[in-house]
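Bear in mind that the values in this text are calculations on the coordinates, not laboratory data. Not measured: the values here are computed from a predicted model. Don't worry about glycine lacking a Cβ; one is built from the backbone with ideal geometry, like all the others, and counts go over all protein chains shown.
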Amino acid sequence: MYQPKTISTKEMVEDGDYPVYGANGVIGRYDKFNHEEPQLLITCRGATCGSVNVSEPFSWITGNSMVVRPKNDSVNLKFLEYLFRGGIDISKAITGAAQPQITRTNLEPIEFSYPDSFQEQQRIVGILDAAFDGIATAKANAEQNLQNARALFESHLHSLNAEKVPLGELVNITTGKLDANAAVEDGQYPFFTCSREIYAIDNYAYDCEAILLAGNNAVGDFNVKHYKGKFNAYQRTYVITANDLNRVLYRFLYFQMLKSLKQFKEQSVGAGTKFLKLGMIKDMLIALPSLAEQERIVEVLDFINDETQRLESLYQRKLAALDELKQSLLHQAFSGAL
């Protein structure tokens with residue numbers, strides 16, 4: 001077990017021939033390598049301390065990873081990898097709260113059991129390889145189905161064609177008055193901030209139907225919500241109310257705002273934090289068909305949105321179950337029950 005020599009970011013070469021491995025996989029390229037063979041790497045610094053990677057042949061591995069390899073042929077390298085993925089309690093070797101780390105001194109005393117027979121190790125590796133390949137395929141299928149469900153909703157959301165008008169002609173726009181830390185636990189009313197999460201508060205400033213648009217975000221990932229009733233809002237949250245319900249339905253307006261989030265991200269300004277100016281929102285053009293057509297569109301989009309969320313929940317549960325299955329197989333493998 002050892003930590004190789006670390007090179008700085010400045011030393012890396014953008015078009016280098018060899019990958020550079022840091023704490024969490026490849027972090028760049030370099031024109032030299034310090035390991036010809038694939039190596040088992042244990043992250044030894046940071047929040048992901050203890051996670052496992054395997055390097056490519058001809059790689060530069062930095063000191064943010066611990067290289068672990070068998071001293072002789074008594075332990076199969078792939079078997080050792082699976083051990084670190086579920087057969088060893090690596091948490092015993094982690095020290096430090098603010099900056100977790102693993103040192104060789106802490107890692108060396110950890111004991112583990114393994115079959116004396118190299119053939120038995122290979123048998124277990126073969127079973128786990130086949131099972132994990134099947135799990136990887138199942139996860140890929142679930143993730144693709146999840147993407148397909150989202151893509152179906154997006155395609156319907158962007159398929160609308162109608163005469164466009166500036167949003168400012170249809171709505172009144174204000175902002176909340178409160179600081180983000182005004183939220184309280186178990187408050188009586190919803191408190192809308194720029195977060196996707198809805199918080200709570202004990203007093204309300206609004207009693208109406210409205211569209212709530214996040215006005216700032218660290219990376220420009222804005223969000224929009226539709227609510228009717230008593231609520232309060234953060235000072236950077238835009239509260240949007242229709243000025244003529246004979247022209248636009250709130251639910252239709254919500255979907256039009258949802259459709260425009262990518263445009264808002266592109267138009268947002270600011271360096272550290274991205275934010276939306278009032279003029280950007282007022283000048284945004286939205287399609288405006290008749291009320292009857294809006295009702296039809298809303299009915300279709302609500303149905304597809306509900307179905308998409310149902311599928312998302314289903315596939316997220318499936319992905320979680322597959323992860324649990326991996327851990328269960330590893331437990332069986334290293335308790336002699338496989």
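Quick notes
- The computed Rg and Dmax of the Cα atoms in Å for the structure shown corresponds, within (i) 27.1, 80; (ii) 18.7, 53; (iii) 24.3, 81, to (i).
- Taking Cα centre as origin and charging only the Cβ of basic (Lys, Arg, +1) and acidic (Asp, Glu, -1) residues, the dipole magnitude of region 82-142 rounds to 240 debye.
- Scoring 247-258, 138-149 by mean Cβ neighbours within 10 Å over their residues and listing the highest first yields 247-258, 138-149.
- Calculated [θ] (222 nm, deg cm²/dmol) that DSSP helices of n ≥ 4 give over the chain, each run adding -39,500 (n - 2.57): -11500 deg cm²/dmol
- Comparing THR62, ALA210, GLN309 along the charge dipole axis of the chain, the residue lying farthest to the positive side is ALA210, per the Cβ-charge model.
- Taking the Cα centre of region 164-288 as reference, the dipole from Cβ charges on Lys and Arg (+1) and Asp and Glu (-1) amounts to some 480 debye.
- Overall, the chain carries a charge dipole of about 560 debye about its Cα centre when +1 sits on the Cβ of Lys and Arg and -1 on the Cβ of Asp and Glu, all other atoms neutral.
- Restriction of the trypsin sites (Lys or Arg not before Pro) in region 8-72 to DSSP coil positions whose beta-carbon has at most 14 other beta-carbons within 10 angstrom yields LYS32, LYS71.
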